[in-house]
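The values are calculated or read from the model by the stated rules, or taken from the named source; none is laboratory data. Just so it is clear, the structure is predicted and the values come from calculations on it, not from any experiment. Neighbour counts are summed over all protein chains in view; Cβ atoms, including those assigned to glycine, are modelled from backbone coordinates with ideal geometry.
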Amino acid sequence: MPDESTPDEPTPDKSLAEALLALLDGTIDRRAFLKRSAGLAGGAALAATLPGCIPGCEGESAQESPNIEGALPYAVWEQMQQALRTSPDHLPAQADRLVEAGDPEAIFRFVRDRIATYPPPTSYWGTNDLVNGVRWGTRATLRGGAGTPREKADLLADLYQRAGLEAEVVTSPETSAASERENAFYHPVENPFAPEIDPETVTYWRTELGLPETAAKDAVPRIDEDGQESAALAERLLDVLPEDAQAADAFDARWQEAVGVRLHDENGPARYANPSRPNTSLGTPPVENDQLTPADAANDPLAVEVTLEAAVSSAPEERFELVSGQWTADEVAGRQLLVRMAPTMELRELLEARLNDVRVFAPLLAMQAPDLSKEEAAELSERGDAVTIAGDRLEAHDDGTLTYNGRALQGPGDGADPASVETIEMQATADRFPQVTLQVRPLDADGEVVSGLPASAFAVEDEGEAVGFTLSANRDAPIVRILADQSTSMPEPFQGASMEQLVDTVREQVLAQNPDADVRFKETNSDQWTALKNAARSDANLIVYAHDGEPTDGLNDEIRRLLDSGPPAVILDVTDRLDTLRADGAENPFDEMAEATGGTAFPVSGGEREAAREVILDYLDDFEVTDPYRLDYRAPTESTGERTVRLRLNDGGTTESTASYTAEAVEPPVQLSSLHLTVKVGDTEVTRTLAGWDEQSESGPTDTDLRAVRGALFGTHLLSFEAAAPSTAIVADDFLAAKITHKPVELAVRDGAGLQRIKTKLRQGTRFLPSEPLLLHAPLPTPANGSARTYETGLRAVLFSTHFTFGEDYVSSRADVLPTAGFATAAPDRRVAFRRTLRQTARLAVTEQTLFSETTRSRLAGRPLRTLNTYTPYYYDADNMPDAQKVPWRRAARNAWTQRDQYFLGPEDGEGPPAFWSVTQDTGALLGLLADGSGGGSRRERIEESIDALSQTFALLNLYVGGAVSSGAINPIGGVALGAVALHGQVLARMYGGAAMAVALMDASQLDRYARRAVLFAACEASKMLILGSFSGGFRVVERAAEAVGDMDDMLGATGAPNPFSCPG
């Protein structure tokens, strides 16, 4: 049993404090740090991307040691956060102070000298729009310290207006020389990390946090010191690229207009400022005042679209959308989009559920950022319809209707009384074991079917063990699946639009007779037995199949067994030759299919569509639904043999039914086989497989694919967007802001607060911000040097994903630098531009290797390289290479070749795990590619037990603790830091670090039943907080997650059974 004593206050994490304080206390050589623009690694990831401090900042603003008031470590973190905002590289904080002071000259110099000038985007016609061209808007320009001339002008006007001054963006004829215009882009900008803090304060903070007075020299490991590693990598690749390929597109700064700001002064003439020219001043315009024209509205920022899709194992190539959202670059830059599949079980029940009982998920795209209010973030977030593990869709409508795959399960004000059920008839089938399907007929005293009972009306036990299930049908109504072979041998009335008209006519008449009916149509090829089998596996209770009796496949034992346990089929002979075949005594596929399904075959007179309609409707007139209710669950074991299932009503009575089934799978159950995320920024679209089957695979989904998807449903996937790279102070501020969001909940737990107060604090929300994306948004070593500038042409995007795989004892983490930033260099010489872009972007590859064990750089280290054929995906096809070696490279090649206009460099021998270098042909931008086409790295971290072994009580709790520890939602540096809920004044256990794993791995099955329920009563609410914490997103995502679950309470009652071990009380 867990320790019930009151826990000690948690010790603040040493690595976080060391990393931050080492930046502040002068132990780092900041002069060298500034020159190198070196990144940081390890525990210092939160401050990992920009140089240190300008010379002389140490101790120049001496002040008294602060008085620390409040709980640690939060009190120190809050003071550190305020100190970070005094640093010159914290541009938003600097801008706020300038606005408050209201000095027009100081504001102008700030935008001119502290915000880098980027070339405007290239239009469709290949020209640059200096006046109206934008990429990511003013907010992102200020955060990243870089923008186009129009963005800088908009930013200056905005700051003036915030200061209460009247200003407008204007255009004028261009009067400066071409060299001056070019120099505006080449001009370097320095924003040093130099917080106004003295060594005594840093020492005081160290003392309060229990750290040594002086930081270790290696407290902040450096990445790519002096840019040497990235330069060496670039030179290695340049040696391989053909000489004539090393030239970028030309840069041209010939514009006819300039864009600036006119500042009005009620006491004198208006003044003019062009913040994109380094040597200009605020004063008289360079042209006559009547030549200053108010600028048109700026162009729209880059469009951003994110779509989460899935596919199922029965149709792995047919993706369907789970959730999608559209934004502009100014809405996402500097923010994160949390991609989650939130389990829709009520959280009290979720914590004691077996993982296999969690069958329904709500897809979420939750925007998070410290600058977003709850309402703003909710407006920027999206939620899709719930989906089951088998890919079925559930939707709650505004009128109270609940649908399952578009079919009503509950209407407005619906709900039958379970007490009206007198008897239950039931049949169990397990041809897709461990999935079990129950076909149920609840009957009243008159023997009539009782329709409309929700899932909460039932309870199911398999061999005496309660299981969760999904209800997919609860109406005495036909669910008809009409199939039609669409091969060229089919008569015209049953092809294309003509066949669809037939289906529409049948549907209309069937619905007129029974509004609860469901009629759908699917085209097939000539593999008619396979098509019939697939329809039998669906939720249909009647199949209609129109075909020509010429199947290209055959009936085997597997198909026969599936058809035998499926619905009856009406087989339509559209060739009108069935009577002749029967008269001749010839075997025919029409009657064979009918017999195999327990249905009937009919000839269609004259092969006419109207005759087919009459046959279908006549059959439906006499059709009786034998299984109006359908319940699916996953058996609590994968052991084969005879098993007994019991279904009873949850009405306190004794109405129940039992059935037996043979636990022997004919084929695997249908389930989600892949998850895909597509990110589109401007015209650049990238798709990544988050988990499961890859379309480039040589075969269909494997068991490993399916288990990976099940794990990914419980994982965390985060998209981090940036414009230009954020500074050290901003990154550290963001990181601390995320950690400080956990303060209200943790303090409430420390104080032994009651459940209601803790839940109130919890609803304020927490944020999930892993360090890996921060590092991978690293700045370039030297963006500008006075004669060239390397810059982002698009939006930076990093995908970070962490999840487990069922049956394995590790958590997989992956970071993927998506090719949306589109780095390029503006320089007079095309060859210089190409080489410079390659050298600058090599920094990202160096950073990846620091973070992950599996990267392009690690796989290709020390191996001779060669340029690969840009047009042929099968490059490693030497006669002496075995097929087993060719296959992974061919698969990787097909993934890599989704990115066009690239030079690909790979190892000469083609041995080892696949990896490529990709160099953009017209810019020189470098990206490392792994076998799946992603750019980044991956690693595996073992957890303490196999996931399959944890599929018992507390298993899900362990999953969220383990996953959160791995991904950063909970970790030694503060994390959620939740404690278990106080029970009668005593804390059951502290769920923090190793203690969390100990509680989670407790073998609840060995506890006495009543003792077990007492433990669960205390643990449930604490665990709920833990899960909500791991759901966190920036608009105080806990509330969003609670909404995603809470809004579905009615749906859960209608479609998914309550967990059999829900928390007592």
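Overview of values
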item: Among residues of segment 588-639, those that are over 24 Å from ARG441 (Cα atoms), surrounded by 18 or more Cβ atoms within 10 Å (Cβ to Cβ) and of a type in the set (Lys, Arg), counted; result: 1
item: Residue list for segment 560-577, restricted to those being in a helix (DSSP H, G or I) and surrounded by fewer than 20 Cβ atoms within 10 Å (Cβ to Cβ); result: ARG560, ARG561, ASP564
item: ASP399 among the charged types (D, E, K, R), farther than 28 Å from GLU508 by Cα, free of Cβ contacts under 8 Å to residues at least 24 places away in the same chain and surrounded by fewer than 18 Cβ atoms within 10 Å (Cβ to Cβ); result: no
item: Selected residue (criterion: farthest from PRO88 (Cα to Cα)) from residues of segment 102-122 that are part of a loop (DSSP other than H, G, I, E, B) and in contact (Cβ under 8 Å) with a residue 24 or more places away in the chain; result: PRO121
item: Within segment 508-558, tally of residues that are at pLDDT 90 or above, charged (D, E, K, R), part of a loop (DSSP other than H, G, I, E, B) and within 25 Å of THR626 (Cβ to Cβ); result: 0
item: Residues of segment 161-189 classified as out of contact with any Pro (no Cβ under 7 Å at 6 or more places or on another chain), touching a residue at least 24 places away in the same chain (Cβ under 8 Å) and closer than 18 Å to LEU98 by Cα, total; result: 5
item: Hits in segment 482-504 - residues which are surrounded by 23 or more Cβ atoms within 10 Å (Cβ to Cβ) and charged (D, E, K, R); result: ASP485
item: Considering residues of segment 490-525 that are acidic (Asp, Glu) and out of contact with any strand residue (DSSP E or B) (no Cβ under 8 Å at 6 or more places or on another chain) only, the residue nearest to GLY607 (Cα to Cα); result: GLU492
item: Among the residues listed as THR855, THR847, THR837, the single one being buried (at least 20 other Cβ atoms within 10 Å of the Cβ) and within 14 Å of GLU792 (Cα to Cα); result: THR837
item: Boolean, ALA194 is part of a helix (DSSP H, G or I) and not hydroxyl-bearing (Ser, Thr, Tyr); result: no
item: Residue within segment 275-296 that is surrounded by fewer than 18 Cβ atoms within 10 Å (Cβ to Cβ), in contact (Cβ under 8 Å) with a residue 60 or more places away in the chain and part of a strand (DSSP E or B) present; result: yes
item: Test: residue in segment 431-438 that is under 14 Å from THR626 (Cα atoms) and without any contact (Cβ under 8 Å) to a residue 12 or more places away in the chain; result: no
item: Unique match (being modelled with pLDDT under 90, β-branched (Val, Ile, Thr) and in contact with an Asp or Glu (Cβ under 6 Å, 6 or more places away or on another chain)) among THR203, THR207; result: THR203
